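Visitor: Structure incoming, see below.
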Amino acid sequence: MGVLPTGKVGLLAAPGGTGKTFALTALAFSIALGRPWFGNGANTSWLNCPRRGRVVLLLGEDDTHDVQRRILTQARALGLCDSDRAGVNAQLLALGGQGQRFQLLCGEKENYAEHPVASGLYELLRQEALERGPFRAILLDPLSRFSPPEAETDNHAATRLVEVLERFAGSAELGRPLVMASHHTRKGNGEG
């Protein structure tokens, strides 16, 4: 049994600059190719990925050029041959956020609701799933680009955000994918 269950929401949390985007990009490749995440061997058996499948990689801080650069860098780091690169291209939908904030929630205090951006993203992915097949994973980096600033300090906002992500994860139309987001934590000395 793996630790990356489909149909669930997960969080990859670490201080800024520690490789969360690289790790999520590596996970995207892992699922697209049906290979273990970060290598092989007995010591990494817990990193085995779910079955091979389609992946959405949403890089909220990157523009289209940066997304392409990250994909190429990952392919080179893994030493992929042309056929493996073609396999990744067929399975991976990678989108950049152009450095904008794509909030999945709107409203204030007790009145948070799903933002029209979330509905638009859901519809885009639903159409993609209908045309090309369901998704095994939806990966968001970083979570702060998809949530209102209040989600950092307001439990109600954070709960509503998770509920929106759970709608994606629980969707039969999308394939009940794993939904995982990266999140910045504070550094050990309280700065950050």
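The values are calculated or read from the model by the stated rules, or taken from the named source; none is laboratory data. Remember, predicted model here, so these are calculated numbers, not experimental data. In this analysis, Cβ positions are derived from the backbone assuming ideal geometry, glycine residues included, and neighbour counts consider all displayed protein chains. Quick note on the areas: whole protein, heavy atoms, side chains included, nothing else; ligands and nucleic acids left out. Shrake-Rupley method; radii C 1.70, N 1.55, O 1.52, S 1.80 Å.
Visitor: Only residues that are buried (at least 21 other Cβ atoms within 10 Å of the Cβ), in a helix (DSSP H, G or I) and modelled with pLDDT under 90: list them for region 31-56, please.
Guide: none
Visitor: Any residue that is closer than 21 Å to Asn89 by Cβ, out of contact with any Leu (no Cβ under 9 Å at 6 or more places or on another chain) and at pLDDT 85 or above - is there at least one of those in region 3-14?
Guide: Within region 3-14, the subset closer than 21 Å to Asn89 by Cβ is none.
No, there is no match, as no residue in region 3-14 is closer than 21 Å to Asn89 by Cβ, out of contact with any Leu (no Cβ under 9 Å at 6 or more places or on another chain) and at pLDDT 85 or above.
Visitor: Sticking with this structure for a sec: Can you confirm whether region 169-187 contains a residue that is open to solvent by less than 70 Å² (accessible area, probe 1.4 Å), assigned to a helix (DSSP H, G or I) and either more than 22 Å from Glu61 (Cα to Cα) or in contact (Cβ under 8 Å) with a residue 24 or more places away in the chain (or both)? Please lay out each step first, then the result.
Guide: Step one: list which residues in region 169-187 are open to solvent by less than 70 Å² (accessible area, probe 1.4 Å), which gives 169-172, 174-175, 177-183, 185.
Pick out the ones that are also assigned to a helix (DSSP H, G or I) and you get 169.
Restricting the remaining residues to those that are either more than 22 Å from Glu61 (Cα to Cα) or in contact (Cβ under 8 Å) with a residue 24 or more places away in the chain (or both) gives 169.
Yes, region 169-187 contains at least one residue that is open to solvent by less than 70 Å² (accessible area, probe 1.4 Å), assigned to a helix (DSSP H, G or I) and either more than 22 Å from Glu61 (Cα to Cα) or in contact (Cβ under 8 Å) with a residue 24 or more places away in the chain (or both).
Visitor: Between a residue in region 84-99 that is at negative phi and any residue that is part of a helix (DSSP H, G or I) and surrounded by fewer than 14 Cβ atoms within 10 Å (Cβ to Cβ), which pairs come within a Cβ distance under 6 Å, given they are 6 or more apart or on different chains?
Guide: What qualifies is Gly96/Thr64.
Visitor: Any residue at all in region 145-154 that is modelled with pLDDT of 90 or more and of a type in the set (A, V, I, L, M)?
Guide: No, region 145-154 has no match at all.
Visitor: Within region 87-122, can you find the residues that are assigned to a loop (DSSP other than H, G, I, E, B), surrounded by 14 or more Cβ atoms within 10 Å (Cβ to Cβ) and small (Gly, Ala, Ser)?
Guide: Gly97, Gly107 - these are the residues of region 87-122 that are assigned to a loop (DSSP other than H, G, I, E, B), surrounded by 14 or more Cβ atoms within 10 Å (Cβ to Cβ) and small (Gly, Ala, Ser).
Visitor: Here are some conditions: (1) exposed (fewer than 14 other Cβ atoms within 10 Å of the Cβ); (2) touching a residue at least 24 places away in the same chain (Cβ under 8 Å). Leu125 meets all but one. Which one does it not meet?
Guide: (1)
Visitor: Which members of region 57-75 meet the condition of being assigned to a helix (DSSP H, G or I) and crowded, with 21+ Cβ neighbours inside 10 Å?
Guide: Step one: of region 57-75, the residues assigned to a helix (DSSP H, G or I) are 64-75.
Passing the criteria: only Arg70.
Visitor: In the set Gly96, Gly53, Gly133, Gly107, which member is closer than 21 Å to Thr159 by Cα and small (Gly, Ala, Ser)? Let's see the steps before the verdict.
Guide: Numbers: Gly96 fails: closer than 21 Å to Thr159 by Cα; Gly53 fails: closer than 21 Å to Thr159 by Cα; Gly133 fails: closer than 21 Å to Thr159 by Cα.
When all the criteria are applied, what remains is Gly107.
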